[in-house]
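These notes are about the structure you will find just below.
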Amino acid sequence: MSSGAVPKPIAGVSSFIDDRIGAGNFLKRNLRKIFPDHWSFLLGEIALYSFVILLLTGTFLTFFFKPSMGEVAYEGSYEPLKGVMMSEAYASSLHISFDVRGGLLMRQMHHWAALLFVAGMMVHMLRVFFTGAYRKPREFNWLIGVSLLTLALFEGLTGYSLPDDLLSGAGLRITEGVMISLPLVGTWITFFLFGGEYPGEDVIPRFYSLHILLIPGILLGLITAHLMLMWVQKHTQMPGKGRTNANVVGAPLYPAFMAKSGAYFMFTFGVIALLGTFAQINPIWLFGPYTPADISAGSQPDFYMGFLEGALRLMPSWEINFLGFTLPLSVLIPALVPMGIIMTGLALYPFIERWVTGDRSEHHIADRPRNNPHRTSIGISAITFYGVLWLLGANDEISAFFHVSLNWTTYVGRVLVFLGPALAYVIAYRCCLGLQRGDAAVIGHGVESGVIKRLPSGEYIEVHVPPNEGMEAHVRGKTAVPMIAGTQADTDGVPPKRMRGPLGKLRAKMSEAYGGEKIPLDEGHGHGHEEHAVVGSDVKEDKSPPS
């Protein structure tokens, strides 16, 4: 952030406030805070604005929803269900959909906003992971983000179950099966939540309390802490001209970033409103009220729970019987292991990477994903693992649509869930090295100009020109992945003491493999570079900004 005269819009606002409450200096300092201008930094705002829309639409729905499992005969506007016995929760959901003005729009906007909230957090977290923006001093903010994503999944589960229709009831039945399979405490937790034998009479009121009070309150507190930490620690920025770990290049909060954020909120709101208007989602009247004896074909959860559904469908029917107790591994492993691998891996990764690389310095410049190939490959492997489970959560639909054996889709899925991430790792790693070689070629050879030149020998070449300053600064922002000091033996051939034990040797090998410079930028030298530059000296320099 550069020093200088305070812009007139900021000076006017701060003076107005200072004359009344004495906060002028605070406002001058914070209204001039600089935010980097890169499209990927807007991904987190999608999640934030979706959460705001969730609060607004959810407040509207609470005025009409009745969180009760007491049975009533439906007497509303939807003729096919007239006279059918159902819970008050389901009846009030139908009432909102058909008899409350704007009720169906609010219901559908709420559901679409929930999907966009989780999707926005996932994509934002991937951006932070692949660019290394979780490194010091942002480890705490990363852990807050992981907690937010975990809570959002449970918030979605509780909200998904509230209408008490046949589809949500099927998901609730799976939830009950997972809880009751937990060793020692499973039965107690199940009876506590459902108020007795499944389905009981208390699960909807208790889920309602969790959904509108407890979990949103925690989410709101964590989001506030997340934004405050980001404000104090300053935003990361992509490498480029004039950008260092000691500055932030971009636009001030007021008026530029405020105007952009306000417009982006309205755009997000408009997209969700259009989806709620024209894209039908969760038509509960077609499913009917939930009864434990009924089931529907082709039922699928919302996308963020699809990977757990896939894990349940792929898992063999294993169980352990010991001393009269049964441990159903076919439920416990798919319910706990995939979620545990993904969330625990996300939470621990910044600290594992710091242990492997020995890097304890602060980082305010984000990495390009290609410049840390192992980290990128690990992320792609995790996405592939998640994607295979998510896809096989619909193995019955895949089997029916493509006319293939349901058993074979399951067998193939069991292989792909292990083979897919391994292949994804290798492919992603090779792609990163290839992209690094491309960057080295840009520095060594220049960029293609589109001009074809015939040499005296008769050979045709494409003239290359030096990259513009912005592109070159973007590429040269690459730094080698750190390695711990002492991975190599000292000059006398004796390794440091901390590297002599088995753990130290393992750490040294991991650091050598993970860190270091894979493809140096000076590898771009090649034959014909000088000649290309000379031949293309009359070609105008490309002044377009870097992509």
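The values are calculated or read from the model by the stated rules, or taken from the named source; none is laboratory data. Small disclaimer: the values here were computed from a predicted structure and weren't measured. Quick reminder, even Gly has a Cβ in these numbers, built from the backbone with ideal geometry, and neighbours come from all protein chains shown. All accessible areas refer to the heavy atoms of the entire protein, side chains included, with ligands and DNA or RNA removed. Shrake-Rupley method; radii C 1.70, N 1.55, O 1.52, S 1.80 Å.
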Query raised in the report: Going through the stretch 91-196, which GluC sites (Glu not before Pro) have at most 13 other Cβ atoms within 10 Å and a DSSP loop state?
Result: none
**Report entry** Three-way shape call for the stretch 386-457 based on the alpha-carbon gyration tensor, with the a/c threshold at 1.5
**Finding:** prolate
Query - Relative contact order for the stretch 110-265, counting Cα pairs under 8 Å that sit 6 or more residues apart, in percent - result: 21 percent
Query raised in the report: Along the charge dipole of the chain, which of TYR425, LEU391, GLY358 sits closest to the positive end, that is, farthest toward it, with unit charges on the beta carbon of Lys, Arg, Asp and Glu (+1, +1, -1, -1)?
Result: GLY358
Query raised in the report: To the nearest 20 debye, what is the magnitude of the charge dipole of the chain about its Cα centre, counting +1 on the Cβ of each Lys and Arg and -1 on the Cβ of each Asp and Glu?
Result: 1760 debye
Report task. Show SER77, SER92 ordered by accessible area, largest first, where the area counts protein heavy atoms only and the probe is 1.4 Å. Result -> SER77, SER92
Query - Set LYS136/LYS518; LYS33/LYS136; LYS241/LYS509; LYS453/LYS518; LYS33/LYS241; LYS234/LYS509 screened for pairs whose C-alpha atoms are more than 29 Å apart - result: LYS241/LYS509; LYS453/LYS518; LYS234/LYS509
Query raised in the report: Tell me, what % of the accessible area of the chain is carbon and sulfur with a 1.4 angstrom probe?
Result: 67 percent
Report summary line: Summing -39500 (n - 2.57) over every DSSP H run of at least 4 in the chain, dividing by its residue total and rounding to the nearest 500, the 222 nm mean residue ellipticity is -19000 deg cm²/dmol
Query - Normalised contact order of the chain, rounded percent, pairs of Cα under 8 Å and 6 or more residues apart - result: 16 percent
Report summary line: For the stretch 98-200, averaging the sequence separation of alpha carbon pairs under 8 Å that lie six or more residues apart and dividing by its residue count, the contact order in percent is 13 percent
Query raised in the report: Based on the Cβ-Cβ distance from ILE352 to GLU79, what FRET efficiency comes out when R0 is 56 Å, to the nearest 0.05?
Result: 0.40
Report task. Could you work out the longest stretch of the chain that avoids the trypsin sites (Lys or Arg not before Pro) located in DSSP loops with at most 13 other Cβ atoms within 10 Å? Result -> 102-359
Report summary line: Residue-normalised value, i.e. accessible area per residue, for the stretch 110-224 at 1.4 Å probe, in Å², stands at 39 Å²
Query raised in the report: What is the diffusion coefficient of the stretch 144-249 in µm²/s, taking the Kirkwood radius over Cα pairs and the Stokes-Einstein relation at 37 °C with a viscosity of 0.692 mPa s?
Result: 198 µm²/s
Query raised in the report: After finding the eigenvalues of the alpha carbon gyration tensor for the chain, what semi-axes result from the square roots of 5 times each, listed largest first in whole Å?
Result: 48, 33, 25
Report summary line: Computed about the Cα centre, the charge dipole of the stretch 146-275 from +1 Lys/Arg and -1 Asp/Glu charges at the Cβ has a magnitude in debye, to the nearest 20, of 1060 debye
